[in-house]
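Undergrad: There's a structure below that I have some questions on.
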Amino acid sequence: MADARELFLGEGAEGGAGSKHLHVNMGPAHPAMHGIVRIFAELDGETVVKTDVEIGYLHRAFEKDCEAGPYNNAIPYTDRLNYVSPLINNFGYSSAIEKLLGIEITERCKYIRVIMSEISRICDHLTCVGAGAMELGAFTVFLYMIKAREFLWELVEDVTGARLTISYGRVGGVKADLPAGFDLKVKKAFAETRQVLEEVHTLITGNRIFMDRMVGVGALSKEDTIAWGITGPLLRAAGVPFDLRKTQPYWAYDRIPFAIALGKNGDNFDRYLVRMAEMEQSMRIAEQALDGLPGGAIQVDWEGKAIPPDAYVDLGKQGKTEGLLLMPITLSPNLQGQDRSAHDRVNAHDKRVILPTKADAYGSIEGLMNHFMLVMEGYGIRPPAGEAYFPVEGANGELGFYVVSDGSDRPYRVHCRPPCLPPVAALPKMIEGEMVADIIPTFGSVNMIGGELDR
Amino acid sequence: MDGPAILARLRERLGDRVLATHEYRGDHTAVVSREGLLAALTLCRNDAALGFDLLVDVTAVDYLRFPGREDGPRFEVVYHLYSVANGHRVRLKTPVEQDDPVVPTACGLWPIANWLEREVWDMFGIRFDGHPDLRRLLMYEEFEGHPLRKDYPINRRQPLIGPKV
């Protein structure tokens, strides 16, 4: 039977005199655990002696589900990997399939992917820094940053029609072109974000309480960071200039100048500074990409002799197809940016992968057959048998998709390399020997995202 | 070093332990025998010209239902390596038989191999010889079977969850 000491102090506290180690569970459902993860810690007073991190509480069989359906069916699942920056996952998965197929996306699509990825990256960093600061008592910072994220999510909503589960990427392109007047909205949202970053710098960079909790805490050396497979802001905070956008440029990153933010000590404070600097760089990238966006202005011209879709279908059915392919149709607001001219600009010209425009599917037999061949079971996108690995720079580091095709319309195997798994695996190394309270800022700086960690 | 040079160096240093090399869509792959795997990984990490200091990923593929490979080795364990210093990549694969799904661990080379190998054990039931702590990573200990094997049906219910009502 447990004695009083054990009842009050927990298992392992029996035995009367002398101090004993105490076992403490942090999580799985703990407000500071960002999602669900369990840290099982052995404490000597306030010092963490030994920890074990348990993950998997959010496992949803992502990889198994991908194997169960055609290639495009996996795109909504990728939204839910890193739900703070879902656009990057969308595009990463699409790019892996494009690599497998050996197709090249259009120049404008590359720029759109860059712009949307950078907006997502800022959202991710805002959430990470804001939540981390809140857990150290700086609630104002959290509110400010969520306010800025709100402006950016409005941009995302404008383009994709959704805020979180956006499903905007497509194999060979994106769902729709950027909406009219998007560049002006970006300008406005970035101005707001910049002001918030300025305010946050004034509030906590150099703030005594914040510095005391962050400087020198949770540090990993350069060698340890690499040995633990950690990439992204954590590796750059240790002073290693590894950023896939520079080292293996994909999409349009090789044409856009930007700087890699680097830290020195690899501690929580450097990680914070790297993320703050990266947000500014991301805004720079997005602005330059918007300026250099090829394929004409974003402003899509909705005017012309457009006819309603049902009238268009009727003309097609009656065989009055002369000039039909050139006739614009009025699209429902839900399909904005998917008219024929926009469709050609943002999608690869490859009938093996790209769904025809609605106008073609309704108006011509070729279009209808093309549509049929892509959506019917057993047809769809069919990459030749082989394998490909495509890494992109996610908000947390290298996000890679490894796809194996057996030549059928379903992926034989999809594997996601989650960028936040290595830092969570290295968490014991970061927190052992430090104080219990240091777990909170260190765990915050790791930016664990349950969706991609557990898949 | 570019891809072909990496593969040539692996072939030169490892001899017939490299079963095959190929390049597909810009990815360079060396297939290494299970006996030579540890030597290959050690060479990749320690050789100055290769310098693969970052173990990006460890995963596996179950080729049970892959057209044309039904008779061959059932599994392949796949390693993705990157060199931070040299900026190049390589993929190593090793075939594993169904009857003896054991591969030597890489925990001694990269600490991150610990978790990545636990995930492969969890999902595919491939054991890593010499692994210090081979527990399931994503699933719970009472979970029956290995879900990413091709003969694990996607709708199978687990005893702890109970029958579907």
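Undergrad: Here is a list of conditions, (1) under 26 Å from B:ARG156 (Cα atoms); (2) more than 14 Å from chain B (Cβ to nearest Cβ); (3) of a type outside the set (S, T, N, Q), and A:ASP65 meets all of them except one; can you say which number that is?
TA: With respect to (1) under 26 Å from B:ARG156 (Cα atoms); (2) more than 14 Å from chain B (Cβ to nearest Cβ); (3) of a type outside the set (S, T, N, Q), A:ASP65 is out only on (2).
Undergrad: Further question: Of the conditions (1) of a type in the set (Ser, Thr, Tyr); (2) under 19 Å from A:ASP79 (Cβ atoms); (3) surrounded by 22 or more Cβ atoms within 10 Å (Cβ to Cβ); (4) touching a helix residue (DSSP H, G or I) at 6+ places or on another chain (Cβ under 6 Å), A:THR165 clears all except one; give me its number.
TA: All conditions pass for A:THR165, except number (3).
Undergrad: Sort out which residues of the stretch A:68-95 are among the polar types (S, T, N, Q) and either closer than 23 Å to A:ARG352 by Cβ or assigned to a helix (DSSP H, G or I) (or both), and write them in order of number. Don't jump to the end; show me each part of the working.
TA: We begin by selecting, within the stretch A:68-95, every residue among the polar types (S, T, N, Q); these are A:72-73, A:78, A:82, A:85, A:89-90, A:94-95.
Matches in the stretch A:68-95: A:ASN72, A:ASN73, A:THR78, A:ASN89, A:ASN90, A:SER94, A:SER95.
Undergrad: Now for a different question. Quick check on the stretch B:1-50: of everything there that is more than 14 Å from chain A (Cβ to nearest Cβ), in a helix (DSSP H, G or I) and free of Cβ contacts under 8 Å to residues at least 24 places away in the same chain, which residue is nearest to A:PRO391 (Cα to Cα)?
TA: Out of the qualifying residues, it is B:ALA5.
Undergrad: Out of (1) in the same structural domain as A:LYS185 (by TED's automatic domain parsing); (2) touching a Gly at 6+ places or on another chain (Cβ under 8 Å), what's the single condition that is false for A:ILE115?
TA: Failing condition for A:ILE115: (2).
Undergrad: Let me ask something else about it. Can you confirm whether the stretch B:143-162 contains a residue that is among the hydrophobic types (A, V, I, L, M, F, W, C) and closer than 17 Å to A:GLY229 by Cβ?
TA: Of the stretch B:143-162, the ones among the hydrophobic types (A, V, I, L, M, F, W, C) are B:143, B:148, B:154, B:160-161.
Still in the list and also closer than 17 Å to A:GLY229 by Cβ: none.
Scanning the stretch B:143-162, I find no residue that is among the hydrophobic types (A, V, I, L, M, F, W, C) and closer than 17 Å to A:GLY229 by Cβ, so the answer is no.
Undergrad: Write out, first by first residue and then by second, each pair whose Cβ atoms fall under 6 Å of each other, whose residues are 6+ apart or on separate chains, and whose first residue, in the stretch A:388-410, is more than 7 Å from chain B (Cβ to nearest Cβ) and under 17 Å from A:ARG80 (Cβ atoms) while the second is assigned to a strand (DSSP E or B) and modelled with pLDDT under 90.
TA: Pairs that qualify, where the first residue is more than 7 Å from chain B (Cβ to nearest Cβ) and under 17 Å from A:ARG80 (Cβ atoms) and the partner is assigned to a strand (DSSP E or B) and modelled with pLDDT under 90: there are none.
Undergrad: Given the condition aliphatic (A, V, I, L, M), part of a loop (DSSP other than H, G, I, E, B) and away from chain B (no Cβ under 14 Å), answer yes or no: does some residue in the stretch A:245-258 qualify? Outline the logic, then answer.
TA: Initial filter on the stretch A:245-258 (aliphatic (A, V, I, L, M)): A:252, A:256.
Subsequent filtering for residues that are part of a loop (DSSP other than H, G, I, E, B) retains A:252, A:256.
In the following step, the residues that additionally are away from chain B (no Cβ under 14 Å) were identified as A:252, A:256.
Looking for residues that are aliphatic (A, V, I, L, M), part of a loop (DSSP other than H, G, I, E, B) and away from chain B (no Cβ under 14 Å), one finds at least one in the stretch A:245-258, hence yes.
Undergrad: For the subset of the stretch B:1-34 comprising residues that are touching a helix residue (DSSP H, G or I) at 6+ places or on another chain (Cβ under 7 Å) and of a type in the set (D, E, K, R), which member is surrounded by the fewest Cβ atoms within 10 Å (Cβ to Cβ)?
TA: From the stretch B:1-34, those touching a helix residue (DSSP H, G or I) at 6+ places or on another chain (Cβ under 7 Å) are B:10, B:13-14, B:17-18, B:21, B:23, B:25, B:28, B:30, B:32-33; that's our starting set.
Still in the list and also of a type in the set (D, E, K, R): B:13, B:17, B:23, B:25.
Details: B:ARG13: 16, B:ARG17: 18, B:GLU23: 11, B:ARG25: 17.
The qualifying residue surrounded by the fewest Cβ atoms within 10 Å (Cβ to Cβ) is B:GLU23.
Undergrad: How many residues, within the stretch A:68-95, are crowded, with 18+ Cβ neighbours inside 10 Å and within 10 Å of chain B (Cβ to nearest Cβ)?
TA: The total comes to 0.
Undergrad: State whether the residues of the stretch B:74-86 include one that is among the basic types (Lys, Arg) and touching a residue at least 40 places away in the same chain (Cβ under 8 Å). Write out each step before concluding.
TA: Step one: list which residues in the stretch B:74-86 are among the basic types (Lys, Arg), which gives B:74.
Going one step further and asking which of them are touching a residue at least 40 places away in the same chain (Cβ under 8 Å), we end up with none.
Taking every residue of the stretch B:74-86 in turn, none turns out to be among the basic types (Lys, Arg) and touching a residue at least 40 places away in the same chain (Cβ under 8 Å).
The values are calculated or read from the model by the stated rules, or taken from the named source; none is laboratory data. Treat the numbers as computed from the prediction; the structure is a model and nothing was measured. All Cβ positions, glycine included, derive from the backbone under ideal geometry; neighbour counts span all protein chains shown.
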